[in-house]
1. Which of the residues belonging to segment 112-162 are under 13 Å from the mean Cα position of the chain (by Cα) and either over 29 Å from Val81 (Cα atoms) or not charged (D, E, K, R) (or both)?
2. Regarding Thr360, is this residue β-branched (Val, Ile, Thr) and under 26 Å from Lys70 (Cβ atoms)?
3. How many residues does segment 316-346 contain that are under 25 Å from Val278 (Cβ atoms) and either loosely packed, with under 13 Cβ neighbours inside 10 Å or touching a residue at least 12 places away in the same chain (Cβ under 8 Å) (or both)?
4. Only one residue in Leu322, Leu332, Leu349 is of a type outside the set (Ser, Thr, Tyr), assigned to a helix (DSSP H, G or I), within 23 Å of the chain's Cα centre (by Cα) and under 29 Å from Phe153 (Cα atoms). Which one?
5. Name the pairs whose Cβ atoms lie under 7 Å apart, with the first residue in segment 441-459 and at negative phi and hydroxyl-bearing (Ser, Thr, Tyr), the second buried (at least 16 other Cβ atoms within 10 Å of the Cβ) and assigned to a strand (DSSP E or B), and 6 or more positions between them or separate chains?
6. Would you mind telling me which numbered condition in (1) part of a helix (DSSP H, G or I); (2) over 25 Å from Tyr375 (Cα atoms); (3) not aromatic (Phe, Trp, Tyr) Pro281 fails?
7. Determine, yes or no, whether Met68 is crowded, with 16+ Cβ neighbours inside 10 Å, of a type in the set (A, V, I, L, M, F, W, C) and either within 23 Å of Ala403 (Cβ to Cβ) or touching a Lys or Arg at 6+ places or on another chain (Cβ under 9 Å) (or both).
8. Looking at Lys95, Lys167, can you tell me which residue is within 30 Å of Glu17 (Cβ to Cβ), of a type in the set (D, E, K, R) and modelled with pLDDT of 85 or more?
Amino acid sequence: MINGVINFFYPDLRKEELTKFKLLAATFLFTIGTYWLLRLLKDVVVYKMAFPETLGWVVGKGQQVVPMLKTASPFVVLFAVGVYTKLVDMFEKHKLFYIIISFFSVIFAGMTAVLFIAEKFGPEYVGKWPLAIAGIVGYLATECFGSLVIALFWSFTVSVTKTEEAKSGFPFIIALGQIGAISGSALLFTGSVLAPWSLYLLALIFMLCVIYAIYTLVTTVPKHEMVSDKEEKKSKPDFFAGLRLLFTQPYLVGVFVVSTFYEIAKVIVDYQMKSQAVFIPGFDFTWFLGVFGVAVNTLSFVMALLGTKHLIKRFGIRFCLLLYPIVFATCLIVLFAYYKTGPDAVNLLWATFTAMMIITATSYAVNNPTKEMMYIPTSKDAKFKTKGVIDMIGGRCGKAGGAQVSGMLNVAGNPVLSIANLMTFGTIISLGIIGVWVLAAFYVGQKNVQLVRDNETIE
């Protein structure tokens, strides 16, 4: 029955490809489900739990700390990339999952314990600074998990997938991954039943499922099916190989821009939305985040299921790379025009919610699989090391840049002026960033077509 459903929506997937892509999709489902659960929880913990007024923190301390945490995250990720690069040279690709996920499991087990104690005995029992540090560590670890594990998954996937397989297989992976994201986000609705520590415990179980799915994949799928278009040459251990490729290959510089610049603008809009939500008196912030997660990932699922494959096959990679910045810019312009009409706080929040939902869903359903395909005509070092630098350090720097802009536009103690600054100057800055991004997307799309056509490899 499952194969029948897959064949209906993805008839181009050959029978011998199904097992591989089902297991890759299952891995992505648990990875994204874990990430979205952790991603929403980190905001709940920092905004609402880690800096309680009862322990002496000023009102809104968590909201003020977020830009600083976004700024600090690239430095944490930089260290993680150094370790990751070394591990790539030392271990087989699938074993990286076992090592890295085991590391994160230990961190989030600690978060589970701290939040359990805080709930059962009170935050005073944990202490002002230990609770704050737990919130900060959980936030940074989640940011690192999102960069490291998702980048590892796609590096692994492009290394075992051919270009023609990817056109149908990647949209299928994205679609199933969105089911995981919807499920992970929906778990926040259980806040009245499951405490945050219980949700962290569920995240640990999902991480174990990722390990099991990868183990099943490498022990079940024949080796001749686990190959890319390009033969991966064994390279000597080289810590700086990823950076060297990035700075010497214009194609990879273009991929860097396409893969990171949108994060700057997206963080600005995301901060707009969360600031609006947290400033509305009596508004249920946890419920709102759950609604946002479910809405975004449901829309992403529908787009990935019904649209992504057809867009890639009918219009090509160049079109799909340009589609996202155009959608992004359109949403910003429409949202700003609505803001200038003078809506009340609640209506403005839901308008920002709608814009952010479309922006994020298009990113997941269209931009993500398309930009991952950019790595297929590249060497192993580019797929793992350069991609690691781009997704982990570049992505985090993009988010840190967006956070810095948001922090500068935020006026402590004056929510009305903060929202006005974010909506006006944040929109102008974001549109400028999108202009550079469009130029890079056009170049990368053109170059990718030429590389595939001429059977060339970036190495």
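1. Thr142, Cys144, Phe145, Gly146, Ser147, Leu148, Val149, Ile150, Ala151, Leu152, Phe153, Trp154
2. Taking the combined requirement at face value, the residue satisfies it.
3. Of the residues in segment 316-346, 15 are under 25 Å from Val278 (Cβ atoms) and either loosely packed, with under 13 Cβ neighbours inside 10 Å or touching a residue at least 12 places away in the same chain (Cβ under 8 Å) (or both).
4. Leu322
5. Going by the 7 Å Cβ cut-off, the qualifying pairs are Thr457/Thr378.
6. (1)
7. no
8. After ruling out the rest, the residue left standing is Lys95.
The values are calculated or read from the model by the stated rules, or taken from the named source; none is laboratory data. This one's a predicted model, so the numbers in the text were calculated from it and none came from an experiment. Neighbour counts run over all protein chains shown; Cβ positions are idealised from the backbone, glycine included.
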